[in-house]
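A.B. asks: Take this structure first; my questions come after.
Values quoted throughout were computed directly from the atomic coordinates according to the rules given, and no laboratory measurement underlies them. Since the structure is predicted, the reported quantities are computational estimates derived from the model, not experimental observations. Note that each Cβ is placed from the backbone with ideal geometry, even for glycine, and that neighbours are counted across all protein chains shown.
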Amino acid sequence: MLVLLVAAIKKRNSKTCKGYRIEIKSAENRPFIDRKDVMKMLSDSFMNKPEGRPISSFDLLKMEGRLKKEAWVKNAELFFDNNDLLRIVVTQRDPVARIFTVGGNSFYIDSSGEQLLLNEKQTVMLPVFTGYPFEKVKQAGADGMLLKQIKSIDAFILKDPFWLAQIAQIDIAPDRTFEMVPVVGGHIIEFGDGNNCEEKFHRLFVFYKEVLSKTGFDKYAKVDVRFDGEVIGTRKGGLVTKTDSLQAVKNIAMLIRSAQQLQIDTVRQRTVKPLENLGPDKDFKTGDIEDTIRKK
């Protein structure tokens, strides 16, 4: 068996490369790297006319290592198939959020928190976080807790079409809490830290549907969901025009309808009952929420 194995290896290594094939995998089907990028990563020393070269002359482990050093490459596998073709299989990292630092720089992160340079090949709608206190992502120690909370909020928004459409940006305050700027409405959402984000977003959605859709979306300067079981609205000092309120109601109603059509398999998988089925024996009632609004 050893003799046969050695003979097979020698025969294999004596063969020549018949060509190569590059495959790029992306979970979201959004190509941020292409075949030319992969060729550039491997450099001419590896891929200059590979056809006809002995298979034994390819250091596949070294080539894999070079690809894995690239930020946009999550994994890489290289092997020769039965037709003596060099197969290059690259798994791309997919960005899940865009980060702006206090220093004015910007980059993407993926679901693991890996920092990715901006890429012009693809335009994608992602949650935007501003005010990140570091120029490079920090995943360890106390600083890593901030990144963990960013990923928690980001993951929820990405799976919910309504909030992906409604949240324009998430600002990181100096005390590392979060404030959100909505697309519809002239208020700021005081979110607090990234803990219990599903419950906070649920209370906020009920407040939107049961209160702001009736009073107008420009009535409050701030909407605070930091505290368990409460939604606190801080009134604006100025007057709200009826036209602006009606238009905001129409805009948010369209967002809600679109979200309800798209999020059947996402938001409603939670243990909380669907919002339209809330009744006297459910989690919230309109009166309960209105009682939590403190007029300041």
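A.B. asks: Would you work out the charge dipole size for region 2-92 about its Cα centre, treating the Cβ of every Lys and Arg as +1 and the Cβ of every Asp and Glu as -1, and quote it to the nearest 20 debye? Could you put the intermediate results ahead of the total?
C.D. replies: Numbers: 19 positive and 12 negative charges, 41 e Å.
Using only the charged Cβ atoms, the result is roughly 200 debye.
A.B. asks: Highest mean first, how do 126-138, 208-220 rank when packing is the count of other Cβ atoms within 10 Å averaged over residues?
C.D. replies: Packing order, densest peptide first, comes out as 208-220, 126-138.
A.B. asks: Using Cα centres only, tell me the gap between region 89-109 and region 179-211 in whole Å.
C.D. replies: Distance between centres, Cα-based: 25 Å.
A.B. asks: For every other residue with a beta carbon closer than 11 angstrom to the beta carbon of Asp110, add +1 if it is Lys or Arg and -1 if Asp or Glu, then tell me the sum.
C.D. replies: -1
A.B. asks: Then there is this: Using 0.36 nm per residue, how much length does the chain from Val3 to Leu85 gain when fully extended, once their Cα-Cα distance is taken away?
C.D. replies: That pair, Val3 and Leu85, stretches by 26.9 nm at full extension.
A.B. asks: Which entries of Lys68/Lys148; Lys40/Lys138; Lys69/Lys121; Lys25/Lys151; Lys18/Lys49 show an alpha-carbon separation above 18 angstrom in the structure shown?
C.D. replies: Lys68/Lys148; Lys40/Lys138; Lys69/Lys121; Lys25/Lys151
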